[in-house]
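A.B. asks: Right, I'll just put the structure down here and ask away after.
The values are calculated or read from the model by the stated rules, or taken from the named source; none is laboratory data. Since we're looking at a predicted model, the values are computed, not measured. Methodologically, a virtual Cβ is constructed for each residue, glycine included, from the backbone with ideal geometry; neighbour enumeration extends over all protein chains shown. Side chains are part of the model used for accessible areas, which takes the heavy atoms of the whole protein and leaves out ligands, DNA and RNA. Shrake-Rupley method; radii C 1.70, N 1.55, O 1.52, S 1.80 Å.
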Amino acid sequence: MDLAEIMQVYFSAGMIKPIFIRTARAVSAQDSFNSNDLLQPVRSLTGNRFTYLEPNYQDYFTIMQLRRMSRITRLGLVTAIECLRDAGDIQPEAIITGTGKGSLTDTEKFIHAVREFGEGTLNPSPFIQSTYNSLNGLIGLHHHINSYNSTYVHSGFSLEHALLDAAIQLNEQSIRTALVGSFEEMTPEHYIIKDKLDFWKKEIDSPDAVMKSSPGAISGEGSFFFFLDYQQGAAPLQLVDLALLFEPGEGAVLRAMEGMLKQHGLGWDQLDIYLSGRNQDSRHDHYYEEVEHCLSATTHQLHFKHLSGEFDTAAGFGLWAAVRMAETNQLFPSMIRKQGSTPSMDYMLLYNQYYGKQHCIYLLKKT
Amino acid sequence: MEDFKRTLKLQIIEALNLQGMQPEEIDDNAPLFGDGLGLDSIDSLELIVLLERNYGIKIEDPREGRKVFESIHVMADYIQANRKK
Amino acid sequence: MPSVFITGMGIVSALGIGTASQREKLAAGVSGLGPATFLNSIHKTEFPFGEVPFSTEELFSKLSDHSKLQQSRLQALGALALEECFTGGAQQPAGIRQGLINATTVGGMTDIEDRYFELIKPELIEPDMSLAAGLDCATGTEHLARQFNLTDFVTTISTACSSSANAIQLGARLLQQGVLDRVVCGGVDSLTRFTVNGFNSLKNLDRNACKPFDSNRNGLNLGEGAAYLLLESERSIEKTGNKPLAVLSGYANFNEAFHPTAPSPEGLGAYEAMKRTLEKAGISPASVSFINAHGTATLNNDEAESMAIHRLFGETVPPFASTKVYTGHTLAASGAIEAVFSLLSLQHQEIYPALNFETPIEATGLIPCQTYQELQVEHILSNSFGFGGNNASLLFSRYD
C-alpha cells in the first residue's frame, strides 16, 4: 500500500482497536428525539434554514437549573441526559464534545453587551456560557461525573476528534466508557456572516431547494450524543475505523477509502449501506460523486443533509442514523437516495466533508 | 415598601432568568443564597449588575454584595437607603 | 507506554519573542505586566496586562515567511512560536506523519471584534471577508498548519484555561499509540475586548499586578501569547536525529464537577489531576523537584490549589511558583507557555522566583519560592486549571 494512504487512515494506521457504540441520541430539524428514530413525517425548512425541534425542557430541569442555560447548552444537556439514560445511567469515564461554534447566542449576546454598556458592568452569564467547554462542565455537574473532559472546536472535524480522543483512551484502557457528543446552533446574525462567506445557497425559495444543485448549502443545527464502550455488550454498532483527511489532494479520498476497506479485508461490494453527507453544493459535490461511481448496485445509498441541513458536526446525524438503523434493523425511508439490493446491513460506510476542507470516513459494522 | 419589594422580586426574576417563577414564591426574609432560594456566586454578580443598572448603586467587591443580598428585606432596605436613581 | 520526547519549543509572551528572552527575564525577576498599548478597550490602562510588546505589523515583520497566513494577531503570535519550534529541527522527513494540535479560547476574536457590527449588516458588502472566518477557532489553526506543513492531522481544543495542557496530552497519546510520529502541541490567545470584559464581569481582574498565593491576592491579570512543543516518538527521532530536550513523563485531566466557574474549596480536581499525573509517570510526590503552579491569583484558585498541593505533598512541599505574574494569564496558551518555562528550568537546572508575594494563605501557610536558584531539577509538575472544573497537569522530566 502506498504510504500516503496509510498516513491518513487513523485507527488502523495506529494501533487503535474498534470501539462500540451502545446508545445514540439526536436532536435535529426532524422529529428524531422523542422516538429515537426517523419514521415521523419529514419536516421541511423553517424559512431559509433548518432549525432543530426543541425538546420540552420543563421535563428535565427546575427553574433554578434552567436559569443559566442558553438555547444550545440546554439542548446539548438534554441530548446527553437521554443518551446516558438509554445506556442505563452508567457514569461514563470521559466526557468529550465537539462543536464548531459553541453557544453563538451567548457569544453574540456578550459582544452586544460590551458595546451597549460601553464596557461597563456586564452580566457574566453569557460570557461563561460562551466558553466552548461549558456544556461539558454542565453534564459533569448534572450527573456528578468526575472524569476526563475535553472539547474539540475544529469545524468539520469537531465530532470526529472527540471520537478519536475517546477511541485512543478506550484503546489504552485508561477508560472503559465515554460519552461523546456534539452541539451546534445557528443564529440569524451568524447566518449573515456565513452568507457573506458564501456558505449558503442564494435561492432558497421553496422546500425543494434542498434537492437542487447550486453553489452553497442549506444551514442546519442539532446535537448528537453517543455512549461508547470498549467491549461489545449490547452495543448495536461498532466503529471499525475512522479516517480524517484535511484538504485532500486529487483522488486522496478514494485512495483512503480503498485503503481502509482493504485493511479490513473488504471490497466495495461488501458495503451494505453508504451514508453520504452530500448536500447539493455544486462546488464540492464532486467528492461524493467520485465515491458513488465506485459503489456496487447492491449497496443502499442513503443521505441526510436534506433532512438536517449543513453544519460543522452534521455527520453526527448520519452516525446516529447508522446506530439506530442497526439497532432497529431497518432503513430510514426518508434517507434513502438509491435503494440497493442487499438484504443485509452489516457494513456501513459514512462519508462527510465540510466545504471541501475536512473529510471524514467512518467504517461501521453492525454487531 | 411592599410594592417596592414586589417590583424588586420581578427585577430579580428577570435578571436571573428564573423563567416561570412568581414573586410570591420568594419569601421576603428567607436567605437568597444557600438554603433559601439557592443562589450562588454568579447570581451575586448578576445582582450587582441589577443594582447598578436600575438604581445607580455600584458595588466593586463581590464579597460586599453577598451581605446586601442576604434577603429581599435586607436588599430592599439597602436600595432605598443608597439608590442614586 | 512508549516515551514522548520533546525536541523543540517556541514561545511568544509579554516577556518577548523566543525562549532566550523569556529566560533572561524570568531569571532576573522582571515581569512583563503593564498597561496595554494595542488592545482596543477602555480598560487598557485600568488593569495591568501581559501584552506582547509589538504591534501586529511588527510581529509579522519578524516572521521569515508568512505567505500562507492572514493579517491576524492570533496567527502572527502562533507563527512566531511555531517558527522557533522548528529552529534547528529538520522539516518533515519522508514517511513521518506529523500534525498540529492547537488550543485557543476565542480564536480570531481580536481580529474581528472591531468590525463585528459591520459584518452582521446584510446590506454591507465587505471588500475582504476572509478574516471573518476567524470566528471559527479552526481557521487560525488551519492557516498555521498550512504555513508549517503540519496538515496530516490538524485540530483545535478549547477547554478554557487548561486548553493547551490538554493539547499536549492528546499529542502524547497520538504518538504513544502510533497514530502520529511527531506532533506540535500548544496554544495561542491574543488579548481581546471580549475576554477582558468577560473577566471583568466576573470581577476577578486585579487593578494591580497579581499576587499569586498571597493571602491578600485580589484577582488575575490577563495576558496574551503563544507556545508550542514539538513532540516526537522514538521512530521519528531515529529519522530526524533530533536531540530530546526533555521527556513528557506524565499527564492527567480530571473534571471535578463542582461549579461552572469556581473550583471546590478543597481543590479535589487539582489534587486528582496532580496525583494521577505522578501515578502515570510512576514517581512519588517526593521526587518532584518543582511545581509550576496554575496560581492565577484569584481568591478561589489559589486557595484550592494550595489545599491540593498540601494534601498531595504533605509537610514536604517542593519549591513552587506561579509565572502568571510575569506573563499575565494567557488562557489557552498558558499551559504551553508554562510547559516551556518548565523545560527551561530542566535545561538550565534553575528555578525562577515568584514575584509580589508577602503573606501566606492562612489555611495552608504555603510560601512560593522567591529567589532565583540553581538547583538539581529532575521532574517538574505543571498545572493548568480551568472553568467548568477542567483540571490538567503535566510532568516534564530530564532526559539523559
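This table checks each residue for (1) in contact with a strand residue (DSSP E or B) (Cβ under 8 Å, 6 or more places away or on another chain); (2) touching a residue at least 60 places away in the same chain (Cβ under 8 Å).
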position	(1), (2)
C:E126	no, no
C:A133	no, no
C:R146	no, yes
C:T156	yes, no
C:L170	yes, yes
C:G178	no, no
C:V183	yes, yes
C:G187	yes, yes
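A.B. asks: Select, from C:E57, C:E83, C:E51, C:E46, the only residue that is over 26 Å from C:S130 (Cβ atoms) and open to solvent by 10 Å² or more (accessible area, probe 1.4 Å). Can you show your working first?
C.D. replies: Details: C:E57 fails: over 26 Å from C:S130 (Cβ atoms); C:E83 fails: over 26 Å from C:S130 (Cβ atoms); C:E51 fails: over 26 Å from C:S130 (Cβ atoms).
Going through C:E57, C:E83, C:E51, C:E46 in turn, the sole match is C:E46.
A.B. asks: Looking at (1) touching a residue at least 60 places away in the same chain (Cβ under 8 Å); (2) assigned to a loop (DSSP other than H, G, I, E, B); (3) more than 7 Å from every other protein chain (Cβ to nearest Cβ), can you tell me which one A:G120 breaks?
C.D. replies: (1)
A.B. asks: Given the criteria at negative phi, assigned to a helix (DSSP H, G or I) and either open to solvent by less than 30 Å² (accessible area, probe 1.4 Å) or more than 14 Å from chain C (Cβ to nearest Cβ) (or both), does A:P55 qualify?
C.D. replies: No.
A.B. asks: Any chance the stretch A:67-74 includes a residue that's open to solvent by 30 Å² or more (accessible area, probe 1.4 Å), out of contact with any strand residue (DSSP E or B) (no Cβ under 7 Å at 6 or more places or on another chain), within 13 Å of chain C (Cβ to nearest Cβ) and at positive phi?
C.D. replies: No.
A.B. asks: Just to verify a result, which residue in the stretch A:139-187, among those that are at the interface with another protein chain (Cβ under 7 Å from one of its Cβ atoms) and of a type in the set (G, A, S), is nearest to A:H359 (Cα to Cα)?
C.D. replies: A:S155
A.B. asks: Regarding C:S72, is this residue outside the structural domain of C:Q349 (by TED's automatic domain parsing) and either surrounded by 17 or more Cβ atoms within 10 Å (Cβ to Cβ) or touching a helix residue (DSSP H, G or I) at 6+ places or on another chain (Cβ under 6 Å) (or both)? It would help to see each step written out before you state the result.
C.D. replies: On the way: outside the structural domain of C:Q349 (by TED's automatic domain parsing): yes; either surrounded by 17 or more Cβ atoms within 10 Å (Cβ to Cβ) or touching a helix residue (DSSP H, G or I) at 6+ places or on another chain (Cβ under 6 Å) (or both): yes.
Criteria met by C:S72.
A.B. asks: Within the stretch C:122-170, how many residues are assigned to a loop (DSSP other than H, G, I, E, B) and more than 8 Å from chain A (Cβ to nearest Cβ)? Walk me through how you get there before you give the answer.
C.D. replies: Step one: filter the stretch C:122-170 for residues assigned to a loop (DSSP other than H, G, I, E, B), giving C:122-129, C:136, C:148-150, C:152, C:158-159.
In the following step, the residues that additionally are more than 8 Å from chain A (Cβ to nearest Cβ) were identified as C:123-124, C:127-128, C:148-150.
Counting residues in the stretch C:122-170 that are assigned to a loop (DSSP other than H, G, I, E, B) and more than 8 Å from chain A (Cβ to nearest Cβ) gives 7.
A.B. asks: Being buried (at least 17 other Cβ atoms within 10 Å of the Cβ) and either of a type in the set (V, I, T) or closer than 22 Å to A:G118 by Cβ (or both) is the filter here, so list the residues in the stretch B:63-85 that pass it.
C.D. replies: Selection gives B:G65, B:V68, B:I72, B:I79.
A.B. asks: With the stretch A:293-367 as the region, which strands (runs of 3 or more DSSP E) entirely inside it contain at least 1 residues that are of a type in the set (D, E, K, R) and at negative phi? Spell out the reasoning first.
C.D. replies: Numbers: elements: A:300-303, A:336-338, A:347-354, A:358-366.
By residue number, A:336-338, A:358-366.
A.B. asks: Residues in the stretch A:234-251 that are more than 20 Å from the chain's Cα centre (by Cα) and surrounded by fewer than 17 Cβ atoms within 10 Å (Cβ to Cβ): how many?
C.D. replies: Here is the first cut: in the stretch A:234-251, the residues more than 20 Å from the chain's Cα centre (by Cα) are A:234, A:248-251.
Next cut, surrounded by fewer than 17 Cβ atoms within 10 Å (Cβ to Cβ) only: A:234, A:249-251.
So the count comes out to 4.
A.B. asks: Okay, moving on. Being in contact with a strand residue (DSSP E or B) (Cβ under 8 Å, 6 or more places away or on another chain) and either acidic (D, E) or over 26 Å from C:A332 (Cα atoms) (or both) is the filter here, so list the residues in the stretch C:371-400 that pass it.
C.D. replies: If the condition is that a residue be in contact with a strand residue (DSSP E or B) (Cβ under 8 Å, 6 or more places away or on another chain) and either acidic (D, E) or over 26 Å from C:A332 (Cα atoms) (or both), then C:Y372, C:Q373, C:E374, C:L375, C:V377, C:E378, C:Y399 are the ones that fit.
A.B. asks: B:L51 versus (1) open to solvent by less than 80 Å² (accessible area, probe 1.4 Å); (2) assigned to a helix (DSSP H, G or I); (3) closer than 22 Å to A:F61 by Cβ: which is the lone unmet condition?
C.D. replies: Condition not satisfied by B:L51: (3).
A.B. asks: Does the stretch A:221-229 contain any residue that is part of a loop (DSSP other than H, G, I, E, B), surrounded by fewer than 22 Cβ atoms within 10 Å (Cβ to Cβ) and in contact with a strand residue (DSSP E or B) (Cβ under 6 Å, 6 or more places away or on another chain)? Break it down stepwise before answering.
C.D. replies: Step one: list which residues in the stretch A:221-229 are part of a loop (DSSP other than H, G, I, E, B), which gives A:221.
The next check asks that each one be surrounded by fewer than 22 Cβ atoms within 10 Å (Cβ to Cβ); those that pass are none.
So far as the stretch A:221-229 goes, no, none of its residues is part of a loop (DSSP other than H, G, I, E, B), surrounded by fewer than 22 Cβ atoms within 10 Å (Cβ to Cβ) and in contact with a strand residue (DSSP E or B) (Cβ under 6 Å, 6 or more places away or on another chain).
A.B. asks: Can you spot a residue in the stretch A:89-101 that is in a helix (DSSP H, G or I), within 7 Å of another protein chain (Cβ to nearest Cβ), surrounded by 19 or more Cβ atoms within 10 Å (Cβ to Cβ) and in contact with a helix residue (DSSP H, G or I) (Cβ under 6 Å, 6 or more places away or on another chain)? Walk me through how you get there before you give the answer.
C.D. replies: Keep residues of the stretch A:89-101 that are in a helix (DSSP H, G or I), which gives none.
The answer is no, given that none of the residues of the stretch A:89-101 is in a helix (DSSP H, G or I), within 7 Å of another protein chain (Cβ to nearest Cβ), surrounded by 19 or more Cβ atoms within 10 Å (Cβ to Cβ) and in contact with a helix residue (DSSP H, G or I) (Cβ under 6 Å, 6 or more places away or on another chain).
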